1. Test each condition in (1) closer than 15 Å to Asn74 by Cα; (2) without any contact (Cβ under 8 Å) to a residue 12 or more places away in the chain for His61 and report the one that comes out false.
2. Quick one: which strands (runs of 3 or more DSSP E) sit completely within the stretch 293-340 and have at least 2 residues that are open to solvent by 40 Å² or more (accessible area, probe 1.4 Å) and touching an Asp or Glu at 6+ places or on another chain (Cβ under 7 Å)?
3. Give the number of residues within the stretch 134-157 that are closer than 23 Å to Val40 by Cα and either open to solvent by less than 50 Å² (accessible area, probe 1.4 Å) or assigned to a strand (DSSP E or B) (or both).
4. If Leu566 passes every condition in (1) more than 18 Å from Gln472 (Cα to Cα); (2) crowded, with 16+ Cβ neighbours inside 10 Å but one, which one does it miss?
5. Among the residues of the stretch 1-48, which ones are open to solvent by 40 Å² or more (accessible area, probe 1.4 Å) and either touching a Ser or Thr at 6+ places or on another chain (Cβ under 6 Å) or of a type in the set (D, E, K, R) (or both)?
6. In this structure, does Leu386 turn out to be more than 22 Å from Ala575 (Cβ to Cβ), at pLDDT below 85 and touching a strand residue (DSSP E or B) at 6+ places or on another chain (Cβ under 6 Å)?
7. Farther than 18 Å from His184 by Cα, free of Cβ contacts under 8 Å to residues at least 60 places away in the same chain and either open to solvent by less than 30 Å² (accessible area, probe 1.4 Å) or among the hydroxyl-bearing types (Ser, Thr, Tyr) (or both), is that true of Pro255?
Amino acid sequence: MAFDPVQKLIAIGAGHGEVRLLGQAGVDYFLKHESDEPVVHLQFLINEGGLITVQRDDSIHLWNYRQKTPEIVNSMQMSKEKVSCIYLPFQSKWLYVGTDKGNIYFICLANFELSTYVINWNKAIDLSCRIHPGCVKHLSLCPTETHKLLIGFEKSHISLWNLQTKEAEQFAVGQPQIKCISWHHDGKQFMAGHSDGSLTIWNLRKSTEPQQKINPHVSNTTCRPITNLIWQHNAEGEQLVIFVGGLPTDDGALPAVSIMRGRPTKSTVVAEMDHQIVNILPLNSSPFINVPQHPYGIAVLLKSEFLIIDLFSQGFSCFDNPHSMDIHESPVTFITYFSDCPVDLIAAFTLVGRNQRKQGVKNSERPWPLTGGVEREGASGHQEMLITGHEDGSVKFWQASSEYLQVMYKLKTGRHFEKIDETKNVSYAVTDVQLCLDSRLLLISSASGQVTLFRFVKTESSQDIAVVTLSQLCASNRPSSPPINDEEGKIGNKELRRQLETSDSRSTATSTGSDIIEQIPIRVRGGSMRRPAGYTPELVCQIPWIGGHTPEIITSMALNSAYGVLCIATMTGVALVDIVSYTLIYTWANTEICNRDSIPLLPLQNSEASPSEPQTPTITVPEENKTFVGLFRRATADFGGPRRGKKLSLAMTRGQQSFETSRPSCDPQPPLTVDTTPQRPSTLTPLSAGCDQQTLTPPTFQLHLPPSRSHSMKKIVRRVTVSVADRLKRAKSFQATAMEENSESSMCSFFCVLSKFCRPSIVHFYF
């Protein structure tokens, strides 16, 4: 990590030869080397638009990022020695390179060639030392005497090398081992961090022993080594010591940054981090190291995150980072893209996400300190959004309209479930996401066989979560074939009633029995819970596990907020759920959908017919024709019609490439007449595949009136939807009317919603 205090830019090196340049909000540029070797060292040519990078294969590159497309200007390869550290003084034309063999080389930035001036390790250490000092860990010039170079070796050897006289002055450090060094701005003393968690201050006039030794935390126990150190003073002489490490080696201790103001014993603040700390840098206002100054912030690079601590705020809070750092903080399991999103939707996600980040974490009220760079205008003029589902069950909403991704909102989908036993292998990994941009309804499925419907709310809310158990979609609960006997109608009627009775919508325990409950290891939290603004869970559809130990795989799902339904498909079948009343409408087995076995119709007794229910004319279809048969109820107002017609059941057929009605395309001149008189039954013969189009004649329809359905069936089929003006409101259920020629295409469109779950040629729908 490197910082340019003049341009206010930060460069971060990463794996696979990648470098990120971060500035103000919107300035996030990506540099990529030809080699995939990780970037291990970075140095800015301050205020010159240049950047030096060193990769793990010991290749050194000079980038020019002042132009529109950054490119590498010069490169060189270290062949015999490995690069262990680099140092570039302000306004210097020479790059100092330390190697693993303890030697220091100098590279001219003008032509990128090595100088003949070399500092060998055996000349930099004391002649009485008989062992190799190890690799070079630190290089820095004295702030006041720039001809003196401080060299720190791996095995606790420190030398002050005079570049003019080529002489060295050694410091008797000994043990414990030195890990890091920081200069005082007066150039007369420096501070060193050791492997035992202690700090020592050395004076240049006395090299035999340290001037002061400090144990910042605990002195009588073993502490972690201090790996990074910053020592600075302001104009009043108040010192600021910032370091990483030094805490006791306890099992539960987290990585932390310690901040000491004034004297070391006056005040010490420990900022714990969630991830491993890679590096820290002071954000100074001036690039000169010989002036007294305190940094206004500390840049902390973590393994999966980047943050800046505000040193001028009370409690050392962090700045709100406008840049997204790690899209793979949890592995991505699902991704989807939305183009031309509503502007109010993007604004709502941004506002809720900003309030979400403020909860539990007090961010600094000051603006983002990195103000360098100029943001480019986005290539697209419309709003774009990216949604990613992750292995831990979280869902992130990304703003994708500009050149970089920015997190707008984060949703955790596993919080509304109870804690589970660690012995059970339960995963909340997201497998599918469906979002309605108009109603803002969100449907999410996970790897453990549960589907959750979320509703977006602008304020805090508190409500129960409805639960529907889809036991018919479990392979162990679904019979191999539907029962077919002489009493098919009674059995089919009982099956539909059983499905309605087994979908309890307001509790975590369903009425399917204890055997079904035991097959679902994930339980929804009961009772009302206070939830913040954003997406709140409203409905959970659970599928029992196969044998109680293997989750059912959800292969596909669909959401239709206008009709108020959702559809879930597994390897066993398809289920249709009402999201208004939180009930299961019906389920189809794959054998029924694929027409491998005949589906029993539901003839009802005449005694169950209601005299107030109007009789429903139906179309009789020959058995040998492979057709879709479905009964749809829909309000005429939904199509803008002023009147209600009689209800029909439409015979439809599905081709291999399209979805069309089974009625032949004939000459429109002869009118289509429908006789609803029950004394004149006849049949409708659909168009054959090889029929000549020119010899077709208008079809004749003969209808018969079946008995009315029972009271339990009327409870489902008599629901109507609202008008087109209120389509965003939740509809009660499906109803369809007898439509004329202009409304048949609308009926086909709903068939297409459910047909995506069907594999082979024929599908049957019953309501």
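The values are calculated or read from the model by the stated rules, or taken from the named source; none is laboratory data. The structure presented is a predicted model; accordingly, all values stated were derived computationally and were not measured. All Cβ positions, even for glycine, are placed from backbone atoms using ideal geometry, and neighbour counts span all protein chains on display. Heavy atoms of the whole protein, side chains included, go into the accessibility calculation; ligands, DNA and RNA do not. Shrake-Rupley method; radii C 1.70, N 1.55, O 1.52, S 1.80 Å.
1. Every listed condition holds for His61 apart from (2).
2. On the way: elements: 297-302, 306-310, 332-339.
Filter on the stretch 293-340 gives 332-339.
3. In the first step, residues of the stretch 134-157 are kept if they are closer than 23 Å to Val40 by Cα; the result is 134-141, 149-156.
This time we only want the ones that are either open to solvent by less than 50 Å² (accessible area, probe 1.4 Å) or assigned to a strand (DSSP E or B) (or both), so: 134-141, 149-153, 156.
Selection size over the stretch 134-157: 14.
4. (1)
5. Once the filter is applied, which keeps residues that are open to solvent by 40 Å² or more (accessible area, probe 1.4 Å) and either touching a Ser or Thr at 6+ places or on another chain (Cβ under 6 Å) or of a type in the set (D, E, K, R) (or both), the stretch 1-48 yields Lys8, Glu18, Arg20, Gln24, Lys32, Glu34, Asp36, Glu37, Glu48.
6. Working: more than 22 Å from Ala575 (Cβ to Cβ): yes; at pLDDT below 85: no; touching a strand residue (DSSP E or B) at 6+ places or on another chain (Cβ under 6 Å): yes.
Answer is no for this residue.
7. Details: farther than 18 Å from His184 by Cα: yes; free of Cβ contacts under 8 Å to residues at least 60 places away in the same chain: yes; either open to solvent by less than 30 Å² (accessible area, probe 1.4 Å) or among the hydroxyl-bearing types (Ser, Thr, Tyr) (or both): no.
Spelling it out, it is not the case that Pro255 is farther than 18 Å from His184 by Cα, free of Cβ contacts under 8 Å to residues at least 60 places away in the same chain and either open to solvent by less than 30 Å² (accessible area, probe 1.4 Å) or among the hydroxyl-bearing types (Ser, Thr, Tyr) (or both).
Residues are listed down the side, and each one gets a yes or a no for (1) aromatic (Phe, Trp, Tyr); (2) within 33 Å of the chain's Cα centre (by Cα):
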position	(1), (2)
Leu22	no, yes
Leu31	no, yes
Leu42	no, yes
Glu48	no, no
Arg56	no, yes
Trp63	yes, yes
Ser79	no, no
Trp94	yes, no
